[in-house]
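Beneath this line is the structure, given in structure tokens, with notes to follow.
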Amino acid sequence: MIDLIPESSSAPPAARRRYNRRSVALALLMLPVTALAAWLAEADVPPAGVAAGLAGVFAVLLLFAYEFVQLMRSLDELQHRIHLTALVIGFASALLVLMALGIVSALTGLIGAEAWALIAILAVPASFLVYYVFLHVGLRRYR
């Protein structure tokens with residue numbers, strides 16, 4: 001069976017249920033909130049409206065982070081270490097790629113300003129993808 005939320009697979013049952021329910025609810029909430037913020041940014045809306053839409057997106061992201069921290073606090077020492085190692089590898093990898101792209105852009109000018117916005121947006125999901133890969137490897141090592 002494929003575990004669709006692998007970060008909670010090693011958590012105690014109560015923490016796993018809480019994290020899974022809340023993260024799915026937040027993911028479902030993130031879709032309309034982000035769509036609304038994008039629509040407000042494209043529509044002829046005053047800057048305060050656009051700021052409110054962005055504040056909604058950041059509020060949902062903060063709730064995601066809060067739930068992840070609560071999950072991490074529920075793990076035992078070994079599981080905590082596995083998760084932290086995977087997080088460090090994932091986000092350090094993304095930072096190295098961003099730094100390399102920045103150097104290439106500075107030296108050659110191949111990457112335009114518009115592309116940097118997309119690259120910055122995709123950096124966090126890419127970080128989590130690498131985190132999930134190394135989390136899977138780390139969890140398999142101790143099972």
Exercise for review: Kindly check whether there is at least one residue in the stretch 46-57 that is part of a helix (DSSP H, G or I), within 18 Å of the chain's Cα centre (by Cα) and more than 20 Å from ALA120 (Cα to Cα).
Suggested key: no
Revision key, fill the gap. SER105: passes all of (1) farther than 26 Å from SER10 by Cα; (2) of a type in the set (Gly, Ala, Ser); (3) surrounded by fewer than 16 Cβ atoms within 10 Å (Cβ to Cβ) but (3)
Point to revise | Index of the failed condition, LEU63 passing every other in (1) surrounded by 17 or more Cβ atoms within 10 Å (Cβ to Cβ); (2) within 24 Å of ILE119 (Cα to Cα) | key: (1)
Exercise for review: Kindly indicate whether any position in the stretch 47-57 is in the same structural domain as TYR19 (by the TED database), modelled with pLDDT of 90 or more and within 23 Å of ASN20 (Cα to Cα).
Suggested key: yes
Check your understanding: Looking at (1) open to solvent by 80 Å² or more (accessible area, probe 1.4 Å); (2) in a helix (DSSP H, G or I), which is the only condition VAL33 fails?
Key -> (1)
Check your understanding: Restricted to the stretch 93-135, and to residues that are in contact (Cβ under 8 Å) with a residue 12 or more places away in the chain and among the polar types (S, T, N, Q), which residue is nearest to HIS80 (Cα to Cα)?
Key -> SER127
**Study point:** VAL88 closer than 16 Å to VAL124 by Cα, of a type in the set (Val, Ile, Thr) and surrounded by fewer than 15 Cβ atoms within 10 Å (Cβ to Cβ)
**Key:** yes
Review point. Which condition number does ALA41 fail, the rest of (1) modelled with pLDDT under 90; (2) not assigned by the TED database to the domain that holds PRO12 being met?
Key: (2)
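The values are calculated or read from the model by the stated rules, or taken from the named source; none is laboratory data. Because the structure is a prediction, the values reported are computed rather than measured. Backbone-built Cβ (ideal geometry, glycine too); neighbour counts: all protein chains shown. All accessible areas refer to the heavy atoms of the entire protein, side chains included, with ligands and DNA or RNA removed. Shrake-Rupley method; radii C 1.70, N 1.55, O 1.52, S 1.80 Å.
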